[in-house]
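Nothing in this text is a laboratory measurement; each read-out follows from the coordinates by a stated rule. Please read these numbers as outputs of a predicted model, since none were measured by experiment. Cβ atoms come from the backbone with ideal geometry, glycine included; neighbour counts cover every protein chain shown.
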Amino acid sequence: MDTVHKPATTELVDRAAKLVPLLREKAAWAEENRRLPDETIEALAEAGIFRMRVPARYGGYESDARTMLAVAAELGRGDGSASWTASVWWITTWMAGLFPDEVQDEVFSTPDVRVCGTLSPSATAVPADGGLLLNGKWGFISGALHSHWQVVIAMSPTPDGAQQPIMGLVPMSDLRIVDDWHTAGLSGTGSVTTVAEDVLIPYPRVLPLAAVLREQYGSRLNATAPIFRAPLLPTASTSSVGTVIGLARAARELFLQRLPERRITYTDYSSQREAPLTHLQVAEATLSLDAAEFHAHRLATLVDTKGAGDEPWTAEERARARADMGQVCRLGKQAVDILNTASGGSSIYRTVPIQRIERDVQTINLHALMHPNTNLELFGRVLCGLEPNTLYF
């Protein structure tokens, strides 16, 4: 458990940027095979990506939200699936840091440990000798095929006969994987279904989810670290938005690369670059991307500032965190949609990356926690003085 040199944000961003050519080269393979290739995993590990949310005492960097945003955006320029999977690993690795310190000793004993997971309580956990007996399944588990542990959410009985959600940590070796990830977008994430069949979770590896959502964490040694003083949902929101920014940047970059050699068929424009319509499209897409970046940076700055000052979060700030995430998704997709529409019939070939970028950003916008409409409604409810209609707040 030795501490290591913590790279500056600029160094981590530079490392991520240097991965872009490899990620672009492997993106089609990842999509076809519905998982990240081993070369991508090895490159991410070598760049220190998996250490960014690991506690410092285990050799981690404890990177802040603004660093995650910048790094994920660079990875997203290369491949949306690689960036998304890395971002999910950041969230659940951070969640592992909420458990009692002796549990962390076990989890973080693996170099470059990868922890996957979900927030869906689609399982049951009943008391058994020494812990809870877990049965159920979870879908959309990004990165499961390359993970060592999974954070699980399950419903567990309380002494009064009610049910409460719990958060547990389970080794991947205790779970069965169902290879069902056949999707239109983010295919390379390998977000398969995992199944638990009479898996015993020892009590130290269990936390009440309600306590976690109130920032009542189980770790003593992480309590003073700024990144572990933030709420779960704003933390997860910040971890997620960089991929959208990266996809929109990639769409613009790749569109402009193709632009000089493309004519507009059935017109007298020998170069698409000369058409006023193209000027309007590129300008509108760029401004949409600018607006998405504003919301992403505002969200990351809020999480970092609150964590550094150990300040309490208001209901409006919590709701705005999710609203900012939703706006990044909406505006980033808007930018990609414009450029995809402007890319012409030749862009439907799978050798042209814009079609994959379009499908990836659409998939992110459909995510239950990231859907722009869901997050707008939540923000509006709170602004109108109503209670939020979700635990994930």
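Run the simple label-point estimate for Val178 and Asp290 please: 7 Å along Cα→C-beta, distance reported in nm.
According to this spin-label approximation, the distance is 4.7 nm.
Put +1 on the Cβ of each Lys and Arg and -1 on the Cβ of each Asp and Glu in the stretch 1-113; which of Ala16, Ala45, His5 then has its Cα farthest toward the positive end of the dipole?
Ala16
Sketch the reach of a paramagnetic label on Thr390 as a point 7 Å from Cα along Cα-to-Cβ, and name the residues of the stretch 80-118 whose backbone nitrogen lies under 16 Å away.
118
Taking θ as phi - 60°, what are the ³J(HN,Hα) couplings along the stretch 223-231 by the Karplus curve (6.51, -1.76, 1.60), each to the nearest whole Hz, with x for Gly and Pro?
4, 9, 7, x, 5, 9, 9, 9, x
Suppose only helical runs count, i.e. DSSP H with n ≥ 4. What mean residue ellipticity at 222 nm does that imply for the chain under -39500 (n - 2.57) per run, divided by all residues and rounded to the nearest 500 deg cm²/dmol?
Details: 11 runs with 189 residues, N = 393.
Computed ellipticity for the chain at 222 nm equals -16000 deg cm²/dmol.
For Ala223 and Leu200, FRET efficiency with R0 = 25 Å and r from the beta-carbon atoms, rounded to 0.05?
The value I calculate is 0.30.
Tell me, what is the percent relative contact order of the chain, built from C-alpha pairs under 8 Å that lie six or more residues apart? Before the final figure, lay out the partial values.
On the way: 759 pairs, mean separation 64.0, N = 393.
Rounded, it is 16 percent for the chain.
Find, among the trypsin sites (Lys or Arg not before Pro) in the stretch 264-350, those assigned to loop by DSSP (not H, G, I, E, B) with at most 14 other beta-carbon atoms within 10 angstrom. Display every interim value, and only then the final one.
Numbers: sites: Arg273, Arg298, Lys306, Arg318, Arg320, Arg322, Arg330, Lys333, Arg350; in loops: Arg350.
Answer by residue number: Arg350.
At what distance in nm do the modelled label points of Ala162 and Glu32 sit from each other, each positioned 7 Å from its Cα along Cα→Cβ?
5.4 nm
Using alpha-carbon pairs under 8 Å, 6+ residues apart, how would you state the relative contact order of the stretch 1-145 in percent?
24 percent
Which trypsin sites (Lys or Arg not before Pro) does the stretch 164-248 hold that lie in a coil by DSSP with at most 16 other beta carbons within 10 Å? Present the calculation step by step, with values, prior to reporting the outcome.
Values: sites: Arg176, Arg205, Arg214, Arg220, Arg229; in loops: Arg214, Arg220.
For trypsin sites (Lys or Arg not before Pro) across the stretch 164-248 that sit outside H, G, I, E and B with at most 16 neighbouring Cβ atoms in 10 Å, the list reads Arg214, Arg220.
Relative contact order of the stretch 32-96: what whole-number percent is it, with Cα pairs under 8 angstrom and at least 6 residues apart?
Details: 45 pairs, mean separation 18.8, N = 65.
Reported relative contact order: 29 percent.
Please list 3J(HN,Hα) in residue order for the stretch 107-122, calculated via the Karplus relation 6.51 cos²θ - 1.76 cosθ + 1.60 where θ = phi - 60°; whole Hz, with x for glycine and proline.
5, 8, 6, 8, x, 6, 4, 10, 10, 9, x, 7, 10, 7, x, 9
Based on other C-beta atoms within 10 Å, arrange Asp38, Asp160 from fewest to most.
On the way: Asp38 10, Asp160 5.
Least crowded to most crowded, the residues run Asp160, Asp38.
Under 28 Å Cα to Cα from Lys26, which lysines show up? Leave out anything in the same chain fewer than 8 places away.
Lys26 reaches Lys18, Lys333.
Where does each of 371-377, 152-158 land if you order them by average Cβ count within 10 Å, highest first?
Numbers: 371-377: 16.7, 152-158: 20.0.
Those peptides, ordered most packed to least, come out 152-158, 371-377.
What's the local net charge at Leu12, with K and R +1, D and E -1, over the other residues with C-beta under 13 Å away? Provide the component values of the computation, followed by the final result.
Details: positive: Lys6, Arg15, Lys18, Arg51, Arg53, Arg66; negative: Glu11, Asp14, Glu46, Glu62, Asp64, Glu74.
Net local charge, Leu12 excluded: 0.
So between Glu261 and Ala210, what do we pick up on full extension, going 0.36 nm a residue minus the alpha carbon distance? Intermediate results must be reported in sequence, preceding the final value.
Working: separation 51, 0.36 × 51 = 18.36 nm, distance 5.64 nm.
Answer, rounded to one decimal: 12.7 nm.
Based on the Cβ-Cβ distance from Arg381 to Thr314, what FRET efficiency comes out when R0 is 22 Å, to the nearest 0.05? If you can, show how the numbers build up before the last one.
Values: r = 14 Å, r/R0 = 0.65.
Efficiency at R0 = 22 Å is approximately 0.95.
Under a 5 Å amide H to amide H cut-off, with H placed in plane at 1.01 Å, what residues pair with Ser122 once short-range neighbours are removed?
Ile153
What residues have an amide H closer than 5 Å to that of Leu132, excluding those fewer than 5 places away on the same chain, when H is modeled at 1.01 Å from N in the peptide plane?
Ile201, Tyr203
Would you mind classifying the chain by shape? Square roots of the alpha carbon gyration tensor eigenvalues, ordered a ≥ b ≥ c; an a/c under 1.5 is rounded, otherwise it is prolate if a/b is larger than b/c and oblate if not.
Numbers: a/c = 1.80, a/b = 1.65, b/c = 1.10.
Prolate is the answer for the chain, as a/c is 1.5 or above and a/b outweighs b/c.
At what distance in angstrom do the alpha carbon centres of the stretch 219-271 and the stretch 128-148 lie from each other?
30 Å
Report ³J(HN,Hα) in whole Hz for each residue of the stretch 69-81, in order, from the Karplus equation J = 6.51 cos²θ - 1.76 cosθ + 1.60 where θ = phi - 60°; Gly and Pro get x.
4, 5, 5, 4, 5, 5, 4, x, 5, x, 7, x, 5
For Tyr269, enumerate residues with amide H under 5 Å from its amide H, sequence gap 5+ or separate chain, H modeled in the peptide plane.
Distant-sequence amide H within range of Tyr269: Ile264.
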